[in-house]
Amino acid sequence: MDELRSLDPLILGRRLRHHRKARGLTLDQLGEKVGKPAPYLSLLENGKKEPRINLLLELASALDVELSDLLDATPPNRRDALEIALLRSQETALFESLDLPTVKPTARLDTETLTHLVGLHEALRERSGLDTAGSDEVRQANAKVAAYLMESDGYLANVEAAAREALTASGYTGEGPFTSRNLIDLTSHAGFEIHPIEDMPSFARSVIDLENHRMYIAQRNELRTRQARKAVLQTVAGFLLDHELEPDLDTFLMQRMETAYLASAVLAPEDWVVARIAAAKGNHDIDVEDVKEFFYISYEMAAWRTANLLTRHFGIRSHMLVSDEMGSVVKGYANDGAPVARDIHGGMETQRLCRRWGARITFDSSDRFDTHHQFTDTPKGTYFCTTHVEAGREPLHAITLGVPFADARWFRGRETPNREASTCPDPACCREAPSQLTERWGDKVVVSARSQSRILGLMAPDPYPTLDIPEILAMVDAHAGD
């Protein structure tokens, strides 16, 4: 059910505690009613465990409340709302940087003091910009960007207009890929000279020297042509689109999306991509590979560019996914109703794809680097998708472009015999082992997981790359007199 998939464990725990105390029950007494030990229920109430639906039903019955009373997404009272706000404020990078001990919102902390603490945290966050962003705030901001892109059907008219102006300034004629000469002319139009250097810090895409009007990028032996063009264009994009230099979180993520969009709109211009798709549609032969080859761009950029233009120019709705080997979505967009898992805020990123989707199946194939075509039957209808894993990229990502069944007739690969059925989000589809296996092995198997990358991800203070500012400034200073 939707409420269970989107529940907040901390709020659920507080609602559980509220109703338990209202019934005058101890943890031990409630545990006897539902067959669970008190320490386990304590973890539930503190938001550190997520219960299964069967247990929630038993708890609701034991507390004589409706299940909806436990799944309500609001804290049960003002005190709980304040305690939750304090706990979350102390999870941010800003709080960690203060090197202060955490304050536990126990019963001994009076409500007036708690209110002051929460107010101070909120004021500090407002005055401190991006570095305060916690994971939930990033998810909310990211979901806003995704919603905006979906509402725009993947097409950003203002960025397309800026791309057309950039193409004119670069002297691009529409004959083949965007060249190095075009790139130099466009960068000059933006007021900068490109300077390839050998000592570009590995964590930086490019560096702008505003005093000397220079843009530093890595030498071609360090950065391949496709990457170099994208790096320069995404840097120039901020100036062409008049982006803020010190944006808040929401604006930062929106600008990030726009810069990537503009780079692709310059490297694969709207008019010429539309012309090629139109010709392919006439032959029932639309394929991302053709856009990739003609404009000499990555498969991922070609897929994004195709998705940008399909609805606007051809009335074809689509979904575009970039996912890793575990099926976790790295980037995603959909305006075709594809049943891709979303978080509580509506974002796809970090959500796990069904094992029946082509993006998962292609990784298990012996020819994983070939293009995989597939039809997938879902509770929301049948979808056709084309998935490709780009060789030479680390880590490997699957790029998927999909459309509803009715539009499959326009695409190459529609004759594929590959067909799967997905009932996700039903856990029985692919997230739970068959009952006979669970009964046979459930308590006899121990898995030692590779946890370092997961731990580092949880420890990361915010969504932005850590920049070694001293190294950047030393590099700029060293080249200023060249």
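The values are calculated or read from the model by the stated rules, or taken from the named source; none is laboratory data. Predicted model, so just to flag it, every value in this text is computed and none were measured. Here the Cβ positions follow ideal geometry from the backbone for every residue, glycine too, while neighbour counts run over all protein chains shown.
In the stretch 259-285, which residues are surrounded by fewer than 22 Cβ atoms within 10 Å (Cβ to Cβ), touching a residue at least 60 places away in the same chain (Cβ under 8 Å) and either closer than 13 Å to Trp304 by Cβ or among the acidic types (Asp, Glu) (or both)? Within the stretch 259-285, Glu270, Asp271, Asp285 qualify. Selection of the stretch 263-286 for residues being of a type in the set (Gly, Ala, Ser) and over 30 Å from the mean Cα position of the chain (by Cα) yields Ala275, Ala278, Ala279, Ala280, Gly282. Condition first: outside the structural domain of Ala303 (by TED's automatic domain parsing), closer than 23 Å to Met301 by Cα, in contact (Cβ under 8 Å) with a residue 60 or more places away in the chain and of a type in the set (S, T, N, Q). Can you find one or more residues in the stretch 227-250 that meet it? The answer is no; no qualifying residue exists.
Residue-level analysis places Lys21 outside the set of residues that are farther than 25 Å from Ile344 by Cβ, outside any helix (DSSP H, G or I) and not hydrophobic (A, V, I, L, M, F, W, C).
Mind checking whether some residue in the stretch 374-383 is assigned by TED's automatic domain parsing to the domain that holds Pro417, modelled with pLDDT of 90 or more, of a type in the set (Val, Ile, Thr) and in contact with a His (Cβ under 7 Å, 6 or more places away or on another chain)? Working first, answer last.
Step one: filter the stretch 374-383 for residues assigned by TED's automatic domain parsing to the domain that holds Pro417, giving 374-383.
Still in the list and also modelled with pLDDT of 90 or more: 374-383.
Still in the list and also of a type in the set (Val, Ile, Thr): 376, 378, 382.
When the remaining residues are screened for being in contact with a His (Cβ under 7 Å, 6 or more places away or on another chain), the result is none.
For the stretch 374-383, residues assigned by TED's automatic domain parsing to the domain that holds Pro417, modelled with pLDDT of 90 or more, of a type in the set (Val, Ile, Thr) and in contact with a His (Cβ under 7 Å, 6 or more places away or on another chain): absent.
Listed by position, the helices (runs of 4 or more DSSP H) contained in the stretch 266-363 that have at least 1 residues being among the hydroxyl-bearing types (Ser, Thr, Tyr) and in contact with a helix residue (DSSP H, G or I) (Cβ under 6 Å, 6 or more places away or on another chain) are 299-314. Would you mind stating whether Asp324 is over 16 Å from the mean Cα position of the chain (by Cα), over 26 Å from Ala166 (Cβ atoms), among the acidic types (Asp, Glu) and surrounded by fewer than 21 Cβ atoms within 10 Å (Cβ to Cβ)? Against the criterion (over 16 Å from the mean Cα position of the chain (by Cα), over 26 Å from Ala166 (Cβ atoms), among the acidic types (Asp, Glu) and surrounded by fewer than 21 Cβ atoms within 10 Å (Cβ to Cβ)), Asp324 does not qualify.
Evaluate the following for Ala204: is it small (Gly, Ala, Ser), under 26 Å from the mean Cα position of the chain (by Cα) and in the same structural domain as Asp482 (by TED's automatic domain parsing)?
Taking the combined requirement at face value, the residue satisfies it.
(1) at pLDDT below 85; (2) in a loop (DSSP other than H, G, I, E, B): which one isn't true of Glu96, the others all being true? Here Glu96 meets the rest and fails (2). Just checking, does the stretch 298-308 include any residue being touching a His at 6+ places or on another chain (Cβ under 7 Å), closer than 26 Å to Ala161 by Cβ and in contact (Cβ under 8 Å) with a residue 60 or more places away in the chain? For the stretch 298-308, residues touching a His at 6+ places or on another chain (Cβ under 7 Å), closer than 26 Å to Ala161 by Cβ and in contact (Cβ under 8 Å) with a residue 60 or more places away in the chain: absent.
Among the residues of the stretch 77-89, those identified as more than 21 Å from Val138 (Cα to Cα) and surrounded by fewer than 19 Cβ atoms within 10 Å (Cβ to Cβ) are Asn77, Arg78, Arg79.
Go through the stretch 427-466 residue by residue and tally those that are in a loop (DSSP other than H, G, I, E, B), of a type in the set (D, E, K, R) and at pLDDT 50 or above. Spell out the reasoning first.
First, the residues of the stretch 427-466 that are in a loop (DSSP other than H, G, I, E, B): 431-434, 442-451, 460-466.
Those still in the list that are of a type in the set (D, E, K, R) too: 431-432, 443-444, 450, 462.
Adding the requirement that they be at pLDDT 50 or above leaves 431-432, 443-444, 450.
So the answer is 5.
Scanning the stretch 364-376 for residues that are over 19 Å from Leu353 (Cα atoms) and in a strand (DSSP E or B) yields nothing.
Do we find that Thr376 is surrounded by 21 or more Cβ atoms within 10 Å (Cβ to Cβ), of a type in the set (S, T, N, Q) and in contact with a helix residue (DSSP H, G or I) (Cβ under 9 Å, 6 or more places away or on another chain) in this structure?
Working: surrounded by 21 or more Cβ atoms within 10 Å (Cβ to Cβ): yes; of a type in the set (S, T, N, Q): yes; in contact with a helix residue (DSSP H, G or I) (Cβ under 9 Å, 6 or more places away or on another chain): yes.
Spelling it out, Thr376 is indeed surrounded by 21 or more Cβ atoms within 10 Å (Cβ to Cβ), of a type in the set (S, T, N, Q) and in contact with a helix residue (DSSP H, G or I) (Cβ under 9 Å, 6 or more places away or on another chain).
Within the stretch 250-265, is there a residue that is in contact with an Asp or Glu (Cβ under 8 Å, 6 or more places away or on another chain), within 30 Å of Arg412 (Cα to Cα) and not hydroxyl-bearing (Ser, Thr, Tyr)? Yes: one or more hits.
Are any of the residues in the stretch 293-311 closer than 23 Å to Lys331 by Cα, under 24 Å from the mean Cα position of the chain (by Cα), of a type in the set (Lys, Arg) and surrounded by fewer than 22 Cβ atoms within 10 Å (Cβ to Cβ)? It would help to see each step written out before you state the result.
The initial filter retains those residues of the stretch 293-311 that are closer than 23 Å to Lys331 by Cα, namely 293, 295-311.
Now narrow it down to the ones that are under 24 Å from the mean Cα position of the chain (by Cα): 297-311.
Filter once more, so that each one left must be of a type in the set (Lys, Arg): 305.
If we keep only those that are surrounded by fewer than 22 Cβ atoms within 10 Å (Cβ to Cβ) as well, we get none.
Looking through the stretch 293-311, none of the residues is closer than 23 Å to Lys331 by Cα, under 24 Å from the mean Cα position of the chain (by Cα), of a type in the set (Lys, Arg) and surrounded by fewer than 22 Cβ atoms within 10 Å (Cβ to Cβ).
Residues in the stretch 168-182 that are touching a helix residue (DSSP H, G or I) at 6+ places or on another chain (Cβ under 6 Å) and in a helix (DSSP H, G or I): Ala169, Ser170, Asn182. Just one residue in the set Val330, Val340 is more than 20 Å from Ala162 (Cβ to Cβ), in contact with a His (Cβ under 8 Å, 6 or more places away or on another chain), in contact (Cβ under 8 Å) with a residue 60 or more places away in the chain and among the aliphatic types (A, V, I, L, M); that residue is Val330. Residues of the stretch 377-426 that are outside any loop (DSSP other than H, G, I, E, B), among the acidic types (Asp, Glu) and free of Cβ contacts under 8 Å to residues at least 40 places away in the same chain: none at all.
Restricted to the stretch 207-230, and to residues that are part of a helix (DSSP H, G or I) and under 14 Å from Ile184 (Cβ atoms), which residue is modelled with the lowest pLDDT? Quick ask: steps written out before the conclusion?
Looking only at the stretch 207-230, we keep the residues that are part of a helix (DSSP H, G or I), and these are 225-230.
Remaining after also requiring under 14 Å from Ile184 (Cβ atoms): 225, 228-229.
On the way: Thr225: 56, Ala228: 74, Arg229: 81.
Among them, the one singled out is Thr225.
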